[in-house]
1. Taking Cα pairs under 8 Å and at least six residues apart, what relative contact order does the stretch 56-160 come out at, in percent?
2. Arrange the following residues from fewest to most other Cβ atoms within 10 Å of their Cβ: Ile176, Ile57.
3. For Met110, Met94, what ranking results if the residue with the fewest other Cβ atoms within 10 Å of its Cβ goes first?
4. Computed from the mean reciprocal separation of all distinct C-alpha pairs, what Kirkwood hydrodynamic radius does the stretch 56-160 have, in Å?
5. For Thr164 and Ser68, FRET efficiency with R0 = 30 Å and r from the beta-carbon atoms, rounded to 0.05?
6. Starting from the Cα gyration tensor of the stretch 48-90, take the square roots of the eigenvalues, sort them a ≥ b ≥ c, and report rounded, prolate or oblate (rounded when a/c is under 1.5, otherwise prolate if a/b is larger than b/c, else oblate).
7. Please report Arg156, Arg238 as a ranked list, fewest other C-beta atoms within 10 angstrom at the top and most at the bottom.
8. For the pair Glu108 and Ile135, what calculated FRET efficiency results from E = 1/(1 + (r/R0)^6), where r is the Cβ-Cβ distance and R0 = 25 Å, to the nearest 0.05?
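Read-outs throughout are calculated quantities, based only on the coordinates presented, and are distinct from any laboratory measurement. Nothing here was measured: the structure is a model prediction, and the numbers come from that model. Cβ: placed from backbone, ideal geometry, glycine included. Neighbour counts: every protein chain shown.
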Amino acid sequence: MQAIGSILLLLLTLTMAAGCQETRQSGSTPSSAPSSTEPTTSPSVEEEVVIDTARYIRAADLLERIESETGHFVFDVRSKESYAQSHVRNAVSMPYGQFEPQDVTALEQMSLDTPIVTYCGCPHHLAGLSADRLIEWGYRNVRVLYEGFWHWKDNRYPIAGLQTQQTSELQLAGIIVSGDQPLADTDVFILNTRNGQLEAAATDAQGRFETGFHVLDYRPDDQFEVRIGSLDAPVAHRLSAGLVREKQTLPVFYIEVKS
């Protein structure tokens, strides 16, 4: 990774949702302790967004395939703990940065032409990076769940897992610049150091990024590490979950990222 000069990282709030079944809230500043909300009684309506169907698959289409076809694999690329709590039914845990080609080929009935769908919760950037890795390894039929896991769960599609921990949602956004220029098309990784939960986003042409982060068993002293460019990059910033939840707008952070 090349050395990057002064970097401006602006972390803003956030929406918060709590409970084993998530709903989205916005508006007032969230309190420092999670609050219970009732689950919605009807599925959310998908926005009419044109997607690249060679790259992505919608949740409703994946559900139809799962219910009518066999011989495909769904990979959950979130952390092991996130997978253990809740995941798409029959999905295989393949955490980003922790699986190698031999882990995939070890799966029974797996071939280079086997249909594979990857998913995460951010809603799809980390899954996209995992899909790219699978394609580099020669897999020819790989797509990404467009809306992500939490849309799947909110729509009451089939899930499995312990579902014993409360989940609180943080919405993180920021701007990254190098010198006086925005740092465009750059991966941003955010890691919960307590439990290994990981999400990712990419900056746009203006250096902006945004991602949702569903924290398992939220604690005000949770710490998040921000890495820029790759998961192996030096930590660019450490962020307190309590600070995120309690402030409407966070301070501006100047960060030096070295090679």
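1. Numbers: 168 pairs, mean separation 37.0, N = 105.
RCO, the stretch 56-160: 35 percent.
2. Numbers: Ile176 24, Ile57 21.
Ascending Cβ contact count within 10 Å gives the list Ile57, Ile176.
3. Working: Met110 15, Met94 23.
In increasing order of surrounding Cβ atoms, one gets Met110, Met94.
4. Details: mean 1/r = 0.0743 Å⁻¹.
Its Kirkwood hydrodynamic radius stands at 13.5 Å.
5. Numbers: r = 32 Å, r/R0 = 1.05.
Approximately 0.45, to the nearest 0.05.
6. On the way: a/c = 2.23, a/b = 1.43, b/c = 1.56.
Oblate, because a/c is 1.5 or more while a/b does not exceed b/c.
7. Numbers: Arg156 14, Arg238 11.
Fewest-to-most Cβ neighbours within 10 Å comes out as Arg238, Arg156.
8. On the way: r = 22 Å, r/R0 = 0.86.
Efficiency, from the Cβ-Cβ distance: 0.70.
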